[in-house]
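S.K.: Take this structure, written in structure tokens, and hold onto it; I'll ask about it next.
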Amino acid sequence: MAAGFKSGWYTVKLFSGFVLRGHFAMENVSVIKQLHLERTGTAPEMFLAPGRVNLIGEHTDYADGFVMPAAIDFATIAAISPRADKQAVVYSKNFSEEVERPLDGIGTRGSHHWSDYPLGVLAILQQEGMAVPGFDLTLYGDVPLGAGLSSSASIEVAAMLAMLHVAGVSLPPEKVAQLCQRAENQYVGAPCGIMDQFVSCCGAADHALLLDCRSLQYRLAPIPKHLSIVICNTMVKHSHAGGEYVTRRVEVEEGTAVLRGHRPEIRLLRDATVEDLEKWGHEMRPDVLKRCRHIITENIRTVAAADALEANDLALLGRLMAEAHISYRDDFEASCKEADVMVELAWKQPGCVGARLTGGGFGGCTVNLVESAKAEKFAAVIAMEYENATGIHPEIYLSYASAGAHAIEEAANTGAER
Ligand code: ADP
Ligand code: MG
């Protein structure tokens with residue numbers, strides 16, 4: 001950490017054409033603080049909420065299963081101060097745009113604008129009966145927007161911590177996550193699960209978070225300090241992704257119904273076992289059987305991956321991530337040729353512990369656990385070979401598992417010492 005930086009974080013450093021590194025330095029926090037001061041004439045309180053990457057556990061959330069994401073060191077900062085009037089004034093430095101609304105005119109649905117995220121958070125807090133006063137809010141994030149690293153959860157959580165502060169309310173992080181999910185589901189209109197907001201709130205430096213999507217109980221599993229999380233953006237998102245997502249949901253429900261016919265206690269695939277599938281899978285259409293097999297085995301792999309981290313068994317972790325990718329590719333059929341190229345390149349690189357396609361599928365990012373000493377070389381080789389193979393210039397983000405959302409004054413010793 002550079003001398004004179006009191007508490008870590010915050011500078012987006014573009015150190016080559018294709019690699020972005022998180023790790024905002026304290027001076028960037030100062031920039032947002034200064035910007036807020038210039039806009040409003042008032043010194044703000046500052047909050048930060050990270051984006052996330054899912055290490056393993058894909059399409060298990062809506063089956064009430066397990067996911068294991070980590071918060072990353074790309075984040076949104078929210079600077080807030082109360083206003084004397086009853087106006088909500090929100091500015092995003094990313095969009096260089098301000099939106100102003102009366103507190104009693106927030107409504108219940110957004111308007112397909114970036115401000116839906118902070119205003120949705122406000123709407124939910126109002127629905128919860130919280131008296132949020134008028135405020136000025138300045139937002140800035142370095143989570144790449146729309147890249148699958150959940151800039152949406154990070155802006156929601158940062159905005160919610162800020163608004164709770166001016167309302168004088170404190171809530172447990174699990175509750176903040178649930179309210180932010182509601183804002184995204186109801187106000188923004190995006191049917192996301194709880195994972196993104198949950199890990200943005202409850203993540204911990206140098207840890208992955210194994211989340212039980214049914215009970216919302218979680219445990220933290222240590223990621224060895226010598227590993228980096230390298231996220232490689234294929235820069236493709238195939239247009240059939242939305243339709244395929246709906247088809248997968250229908251197929252999974254169809255398969256679950258078959259198993260439920262034999263064992264009524266199977267509410268969702270979380271309750272089913274490989275043995276159930278062996279006994280009754282032949283009653284399913286072949287594609288349905290494959291979708292169910294992915295989810296049932298992915299749940300097992302995800303819990304095993306947390307155990308592997310706890311046992312510091314990195315070889316096992318890598319195998320589980322590879323099996324997860326193959327299952328996602330062959331059984332769930334949610335990969336694509338660009339993602340397969342990216343992952344297969346990673347598997348061959350020195351220092352790569354594990355690699356797989358992460359996120360909803362049909363493009364997006366791969367997640368790679370890589371020895372930090374070899375991470376920059378890894379990024380350079382992957383970028384070059386991916387471009388040679390596909391003609392597409394990728395973006396690569398070097399990151400590591402970071403602390404969950406917090407007030408920035410509390411940022412000291414949260415894993416920023418790198
Ligand atoms: P992802 O969560 O994968 O980044 P989403 O489509 O779910 O992608 O969310 C991205 C949207 O969130 C952006 O298009 C924008 O509307 C909003 N958003 C995220 N961060 C910011 C920000 N710093 N300022 C304004 N809007 C933001
Ligand atoms: Mg999102």
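The values are calculated or read from the model by the stated rules, or taken from the named source; none is laboratory data. All figures in this text were calculated on a predicted structure; none of them were measured in a lab. Cβ coordinates were reconstructed from backbone atoms using ideal geometry, including for glycine residues, and neighbour counts include every protein chain displayed. Remember, those area values only see protein heavy atoms, side chains included, never the ligands or the DNA or RNA. Shrake-Rupley method; radii C 1.70, N 1.55, O 1.52, S 1.80 Å.
S.K.: Has region 63-79 got at least one residue that is assigned to a helix (DSSP H, G or I), at pLDDT below 95 and either open to solvent by 70 Å² or more (accessible area, probe 1.4 Å) or touching a Gly at 6+ places or on another chain (Cβ under 9 Å) (or both)?
M.R.: No: region 63-79 contains no residue that is assigned to a helix (DSSP H, G or I), at pLDDT below 95 and either open to solvent by 70 Å² or more (accessible area, probe 1.4 Å) or touching a Gly at 6+ places or on another chain (Cβ under 9 Å) (or both).
S.K.: Also, quick follow-up: Check Ala315 against each of (1) farther than 27 Å from Val288 by Cα; (2) open to solvent by less than 60 Å² (accessible area, probe 1.4 Å); (3) outside any strand (DSSP E or B) and name the one condition it does not meet.
M.R.: (2)
S.K.: Please count how many residues of region 127-171 are within 8 Å of ligand 1 (Cβ to nearest atom), open to solvent by less than 50 Å² (accessible area, probe 1.4 Å) and of a type in the set (A, V, I, L, M).
M.R.: 6
S.K.: Within region 114-126, track down each residue that is away from ligand 2 (no atom under 15 Å from the Cβ) and either open to solvent by 10 Å² or more (accessible area, probe 1.4 Å) or touching a His at 6+ places or on another chain (Cβ under 6 Å) (or both).
M.R.: Gln126
S.K.: Could you list, ordered by first residue, the pairs with Cβ atoms under 7 Å in which the first is in region 92-110 and part of a strand (DSSP E or B) and the second is more than 10 Å from ligand 1 (Cβ to nearest atom) and open to solvent by 50 Å² or more (accessible area, probe 1.4 Å), at least 6 apart or interchain?
M.R.: So the pair list comes out as Pro102/Lys86.
S.K.: Collect the residues in region 172-182 that are open to solvent by less than 20 Å² (accessible area, probe 1.4 Å) and within 12 Å of ligand 2 (Cβ to nearest atom), keeping them in residue-number order.
M.R.: Result: Cys180, single match.
S.K.: Given the criteria touching a residue at least 24 places away in the same chain (Cβ under 8 Å) and not assigned by TED's automatic domain parsing to the domain that holds Gln126, does Met160 qualify?
M.R.: In short, no.
S.K.: For the list (1) assigned by TED's automatic domain parsing to the domain that holds Val343; (2) within 16 Å of ligand 1 (Cβ to nearest atom); (3) not in a helix (DSSP H, G or I), I need the number of the one condition that Ala190 fails.
M.R.: Condition (1) is where Ala190 drops out.
S.K.: Run down Gly364, Gly351, Gly360, Gly391 and say which single residue is over 30 Å from Pro173 (Cα atoms), touching a residue at least 12 places away in the same chain (Cβ under 8 Å) and assigned by TED's automatic domain parsing to the domain that holds Gly281.
M.R.: Gly351
S.K.: Which of the numbered conditions does Pro191 fail, given that it passes all the others? Conditions: (1) at pLDDT 95 or above; (2) open to solvent by 40 Å² or more (accessible area, probe 1.4 Å).
M.R.: (1)
S.K.: For region 258-276, does any single residue satisfy the condition of being in contact with a strand residue (DSSP E or B) (Cβ under 9 Å, 6 or more places away or on another chain) and assigned to a helix (DSSP H, G or I)?
M.R.: Within region 258-276, one or more residues are in contact with a strand residue (DSSP E or B) (Cβ under 9 Å, 6 or more places away or on another chain) and assigned to a helix (DSSP H, G or I).
S.K.: Within the group Ile80, Ile155, which residue is more than 17 Å from the chain's Cα centre (by Cα), touching a residue at least 40 places away in the same chain (Cβ under 8 Å) and outside the structural domain of Thr234 (by TED's automatic domain parsing)?
M.R.: Sole residue among the options that is more than 17 Å from the chain's Cα centre (by Cα), touching a residue at least 40 places away in the same chain (Cβ under 8 Å) and outside the structural domain of Thr234 (by TED's automatic domain parsing): Ile80.
S.K.: Inside region 242-267, can you point out the residues that are free of Cβ contacts under 8 Å to residues at least 12 places away in the same chain, among the β-branched types (Val, Ile, Thr) and open to solvent by less than 50 Å² (accessible area, probe 1.4 Å)?
M.R.: Ile266 - this is the single residue of region 242-267 that is free of Cβ contacts under 8 Å to residues at least 12 places away in the same chain, among the β-branched types (Val, Ile, Thr) and open to solvent by less than 50 Å² (accessible area, probe 1.4 Å).
S.K.: Residues to consider are Leu211, Leu171, Leu145; find the one that is in contact (Cβ under 8 Å) with a residue 12 or more places away in the chain, among the aliphatic types (A, V, I, L, M) and in a loop (DSSP other than H, G, I, E, B).
M.R.: Exactly one of Leu211, Leu171, Leu145 is in contact (Cβ under 8 Å) with a residue 12 or more places away in the chain, among the aliphatic types (A, V, I, L, M) and in a loop (DSSP other than H, G, I, E, B), namely Leu145.
S.K.: What number goes with the only condition from (1) within 16 Å of ligand 2 (Cβ to nearest atom); (2) farther than 19 Å from Val143 by Cα that Gly105 does not pass?
M.R.: Here Gly105 clears every test but (1).
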